[in-house]
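Beneath this line is the structure, given in C-alpha cells, with notes to follow.
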C-alpha cells in the first residue's frame, strides 16, 4: 500500500495547511489571534465557565499546552479565570469583554475564509466530505479508547 494513496497523510497535510492559512488570514486582517486562540475563544464564548480540564478535552490539547495558551490569552486580556465556588482547586475560564470584541471582529473573517476554502465545491461535495470525515471519526473512536470522545462540540 502506498502511503500517499491513503487518507492519513492527506488529512494531516490539509489540517496543517488550513491552520497556516487561518493564522495568515487573521494576521493579514490585523487580528491578534492564532488559530489555537480562536478555537479557545469559540469554545469559551459558547460555554462560559468551563474548567481547564473540560477545555483541554474539547480543544484536544494536553493540560500543559492549554495552560500555556490560557496564560497567553489572559495576558492579551481575551479570557480570565476564576476559582470555582464549589472547589477552590478548580479554575473556571470565561471570555472577557475584550475577548468578545475580538471574537466578533474575527468571526466574519473566519466565515469568509471558510467560503474561500470551499470555493469550487458543491454543497453535495461538502456533504460527502463531512459524511466521510464523520465515518473516519467513528472508526477512530471505535479503535481507540483515547480518541474521539473529547471532540463533542
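The values are calculated or read from the model by the stated rules, or taken from the named source; none is laboratory data. Source: prediction; values computed, not measured. For neighbour counting, all protein chains shown are included, and Cβ atoms are generated from backbone atoms with ideal geometry for every residue, glycine included.
Just a few scattered comments:
- Just so you know, in segment 11-35 the residues that are part of a loop (DSSP other than H, G, I, E, B), touching a residue at least 12 places away in the same chain (Cβ under 8 Å) and in contact with a helix residue (DSSP H, G or I) (Cβ under 6 Å, 6 or more places away or on another chain) include one that is farthest from residue 98 (Cα to Cα), and it is 29.
- Meets criteria (within 16 Å of the chain's Cα centre (by Cα), modelled with pLDDT under 90 and surrounded by fewer than 16 Cβ atoms within 10 Å (Cβ to Cβ)) for residue 48: yes
- Odd one out for residue 38, checked against (1) surrounded by fewer than 18 Cβ atoms within 10 Å (Cβ to Cβ); (2) modelled with pLDDT of 90 or more; (3) in contact with a helix residue (DSSP H, G or I) (Cβ under 8 Å, 6 or more places away or on another chain); (4) under 19 Å from residue 15 (Cβ atoms): (1)
- The residues of segment 36-68 that are in contact with a strand residue (DSSP E or B) (Cβ under 8 Å, 6 or more places away or on another chain) and under 13 Å from residue 103 (Cα atoms), listed by number, are 40, 41, 43, 44, 45.
- Cβ-Cβ under 6 Å pairs, at least 6 apart or on other chains, segment 124-145 side modelled with pLDDT under 90, far side not in a helix (DSSP H, G or I): 137/148; 140/147; 140/148; 141/148
- Elements of the type helices (runs of 4 or more DSSP H) sitting completely within segment 50-130 and holding at least 2 residues that are out of contact with any helix residue (DSSP H, G or I) (no Cβ under 8 Å at 6 or more places or on another chain) and over 16 Å from residue 38 (Cβ atoms): these cover 63-75, 97-117.
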